[in-house]
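Structure first, commentary second.
The values are calculated or read from the model by the stated rules, or taken from the named source; none is laboratory data. Treat the numbers as computed from the prediction; the structure is a model and nothing was measured. Cβ placement follows ideal geometry from the backbone for every residue including glycine, while neighbour counts extend to all protein chains displayed.
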Amino acid sequence: MKISIPTMGDRGMEEAICQHFGRAPTFTIIDVDSGDIKVLPNVSEHMGGKGLPTEIMFAEGVKVMIVGGLGPKAVQAFNQAGIEVFVGAAGTVKDAVDDWRAKMLARADLDNACSDHKH
């Protein structure tokens, strides 16, 4: 199963989580079954490219998205794509994965979605 986290760069499990999901420079994707790690640049329309981060994650086969926070449109888009989203992540990718495994992160919904761009 693949999980993805918006990140600040390409240092894998040691990379810092980007707290502004749509404007994350990269997305770190971890295959929790094989341990493989892939870092993708954010080439979505938020960064001057095409498409949405949701579409990128769906195309990569991501099943779980772990974020600090994200807006209601992204929550809805991920729900429609069948990708589970968990909010409240902080620190590094390793920290976020450990917190997710320990069930310390909340499942994203419209009640805990960010209503502004201060996440």
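Quick notes on this structure:
- In segment 65-91, the residue that is farthest from Arg23 (Cα to Cα) out of those that are surrounded by fewer than 19 Cβ atoms within 10 Å (Cβ to Cβ) and of a type in the set (A, V, I, L, M) is Ala81.
- Leading residue by the ranking (surrounded by the most Cβ atoms within 10 Å (Cβ to Cβ)) among those in segment 3-55 that are of a type in the set (Ser, Thr, Tyr) and under 19 Å from Leu105 (Cα atoms): Thr28
- Within segment 92-108, restricting attention to residues that are more than 16 Å from Leu70 (Cα to Cα) and of a type outside the set (A, V, I, L, M), the residue that is surrounded by the fewest Cβ atoms within 10 Å (Cβ to Cβ) is Lys103.
- Residue match in segment 99-113 (condition: free of Cβ contacts under 8 Å to residues at least 24 places away in the same chain and touching a helix residue (DSSP H, G or I) at 6+ places or on another chain (Cβ under 9 Å)): yes
- Scanning segment 25-75 for residues that are among the basic types (Lys, Arg) and under 12 Å from Thr7 (Cβ atoms) gives a single hit, Lys38.
- Selection over segment 51-66 of residues that are within 17 Å of Val32 (Cβ to Cβ), out of contact with any Asp or Glu (no Cβ under 9 Å at 6 or more places or on another chain) and hydrophobic (A, V, I, L, M, F, W, C) gives a count of 2.
- Those strands (runs of 3 or more DSSP E) of segment 14-105 that lie entirely within it include none in which at least 3 residues are modelled with pLDDT of 95 or more, out of contact with any strand residue (DSSP E or B) (no Cβ under 6 Å at 6 or more places or on another chain) and among the hydroxyl-bearing types (Ser, Thr, Tyr).
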